[in-house]
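A short write-up of the structure that comes next.
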Amino acid sequence: MRVPVMAGNWKMHMNSNETKSFIHDLRGRVEDTEVKVILCVPFTSISAAKDALAGTKIGLGAQNMSWEEKGAFTGEISPDMLLSEGVEYVIIGHSERRAIFKETDDMINKKVVKALEKGLIPILCVGETLEEREEHKAKEVTKHQLKEALKGVRVKEMEKIIVAYEPVWAIGTGKTASPEDANEMAVFIRETLKELYGEETSEEVIIQYGGSVKPGNVEEIMNQSDVDGALVGGASLKVEDFEKIVNF
Ligand code: 13P
């Protein structure tokens, strides 16, 4: 049985004070949920989030990490640094990192492998651009991203990974993939994982949808057979909206 996972990706929003008040407001509202809730906060808010989350079941996530352990890598944050702050999850390969910061499949693969080696749970993002979708390449592109990101990942490790299907054209645009389209891609991702890791493992993996998820569309998306959760950007910055998404 796959337990739904709702993760907020705050992107570059929320300083440490805002983080504290957000979490204090959210805590009580999602206390009774069966859903796994995760907040992926900016590096500088991790410590505040950790304190504010104490005593809750809400998971703490980061939005990126280095594949290196330590050394002369100005501006980078290592997996051990995240672990020492209580981080359990890390978003890897978000389309904004791929497109704006030129992260390659190879870099993403190194991060996934390192995160797993260190005991962090990767939330691995894959998904096509509008141009690729219009050229009917959504599946080809997504499969390629998956296979490249998962090179060297073993079966036991795969069971832990969360995959987020985030079509680039639906992120921050207000355009959501239709629930059917989101599910078609989730099914396709699961089939690809089955080819790579076998049926038992592929049935265990949590596959999220991300891209303009809102209180008004979350239920339909979650009603699909193979969508197990959401990776939420904008709507995770408002307590009321995120609460509604969690309690869909
Ligand atoms: P929005 O929910 O703002 O479209 O962002 C989605 C996203 O990129 C989550 O990682």
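Counting only residues that are over 18 Å from Pro215 (Cα atoms) and either without any contact (Cβ under 8 Å) to a residue 60 or more places away in the chain or not hydrophobic (A, V, I, L, M, F, W, C) (or both), which one in segment 159-179 is farthest from the ligand (Cβ to nearest atom)?
Among them, the one singled out is Glu159.
Hey, Asn64 hits all of (1) farther than 29 Å from Thr129 by Cβ; (2) outside any strand (DSSP E or B); (3) within 16 Å of the ligand (Cβ to nearest atom) but one; which does it fall short on?
In the conditions (1) farther than 29 Å from Thr129 by Cβ; (2) outside any strand (DSSP E or B); (3) within 16 Å of the ligand (Cβ to nearest atom), Asn64 misses (1) alone.
Looking at the structure I just gave you, is Glu103 in contact with an Asp or Glu (Cβ under 8 Å, 6 or more places away or on another chain) and not in a helix (DSSP H, G or I)? Break it down stepwise before answering.
Details: in contact with an Asp or Glu (Cβ under 8 Å, 6 or more places away or on another chain): no; not in a helix (DSSP H, G or I): yes.
When the stated conditions are applied, Glu103 does not pass them.
If we keep just the residues of segment 1-19 that are more than 19 Å from the chain's Cα centre (by Cα) and not in a helix (DSSP H, G or I), which is surrounded by the most Cβ atoms within 10 Å (Cβ to Cβ)?
Asn15
Considering every residue within segment 64-87, establish whether at least one is of a type in the set (Ser, Thr, Tyr), touching a helix residue (DSSP H, G or I) at 6+ places or on another chain (Cβ under 7 Å) and farther than 21 Å from Leu231 by Cβ. Explain how you work it out, then say what you get.
Here is the first cut: in segment 64-87, the residues of a type in the set (Ser, Thr, Tyr) are 66, 74, 78, 84.
Cutting the leftovers down to touching a helix residue (DSSP H, G or I) at 6+ places or on another chain (Cβ under 7 Å) gives us none.
Checking segment 64-87: not a single residue is of a type in the set (Ser, Thr, Tyr), touching a helix residue (DSSP H, G or I) at 6+ places or on another chain (Cβ under 7 Å) and farther than 21 Å from Leu231 by Cβ.
Which residue is farthest from the ligand (Cβ to nearest atom), if the candidates are limited to segment 109-122 and must be among the aliphatic types (A, V, I, L, M), in contact with a Pro (Cβ under 8 Å, 6 or more places away or on another chain) and assigned to a helix (DSSP H, G or I)? So that I can check it myself, show each step before the final result.
Of the residues in segment 109-122, the ones among the aliphatic types (A, V, I, L, M) are 112-113, 115-116, 120-121.
Subset that is in contact with a Pro (Cβ under 8 Å, 6 or more places away or on another chain): 112, 115-116, 120.
Cutting the leftovers down to assigned to a helix (DSSP H, G or I) gives us 112, 115-116.
Working: Val112: 16, Ala115: 17, Leu116: 20 Å.
Looking at the filtered set, the residue picked out is Leu116.
Specify the residue that is nearest to Arg98 (Cα to Cα); the eligible residues are those in segment 20-52 that are part of a helix (DSSP H, G or I) and in contact with a Gly (Cβ under 8 Å, 6 or more places away or on another chain). So that I can check it myself, show each step before the final result.
So in segment 20-52, the residues part of a helix (DSSP H, G or I) come out as 20-29, 43-52.
Subset that is in contact with a Gly (Cβ under 8 Å, 6 or more places away or on another chain): 46, 50.
On the way: Ile46: 23, Lys50: 28 Å.
Filtering first and then ranking leaves Ile46.
Output yes when any residue across segment 74-81 is within 16 Å of the ligand (Cβ to nearest atom), part of a loop (DSSP other than H, G, I, E, B) and over 17 Å from the mean Cα position of the chain (by Cα), and no when none is. Steps first, answer last, please.
To start, the set of residues in segment 74-81 that are within 16 Å of the ligand (Cβ to nearest atom) comprises none.
No; the residues of segment 74-81 include none that is within 16 Å of the ligand (Cβ to nearest atom), part of a loop (DSSP other than H, G, I, E, B) and over 17 Å from the mean Cα position of the chain (by Cα).
When Leu237 is evaluated against the numbered criteria (1) crowded, with 20+ Cβ neighbours inside 10 Å; (2) in contact with a strand residue (DSSP E or B) (Cβ under 8 Å, 6 or more places away or on another chain), which criterion, by number, is the only one it fails?
It is condition (1) that Leu237 fails.
Select, from Glu240, Glu200, Glu204, the only residue that is more than 13 Å from the ligand (Cβ to nearest atom), within 17 Å of Val30 (Cβ to Cβ) and more than 15 Å from the chain's Cα centre (by Cα).
After applying the criteria, what remains is Glu240.
When you check Gly216 against the structure, is it within 12 Å of the ligand (Cβ to nearest atom), of a type in the set (Gly, Ala, Ser), outside any strand (DSSP E or B) and surrounded by fewer than 15 Cβ atoms within 10 Å (Cβ to Cβ), yes or no?
On the way: within 12 Å of the ligand (Cβ to nearest atom): no; of a type in the set (Gly, Ala, Ser): yes; outside any strand (DSSP E or B): yes; surrounded by fewer than 15 Cβ atoms within 10 Å (Cβ to Cβ): yes.
Judged against the criteria, Gly216 is not a match.
Filter the helices (runs of 4 or more DSSP H) completely within segment 123-183 down to those with at least 3 residues that are within 21 Å of Gln224 (Cα to Cα) and not hydrophobic (A, V, I, L, M, F, W, C). Outline the logic, then answer.
Details: elements: 130-134, 138-149, 155-158.
Answer list for segment 123-183: 138-149.
Values in this text are rule-based calculations from the coordinates and carry no lab data. Keep in mind the model is a prediction, meaning the values are calculated, not measured. We place every Cβ from the backbone using ideal geometry, glycine too, and count neighbours over all the protein chains shown.
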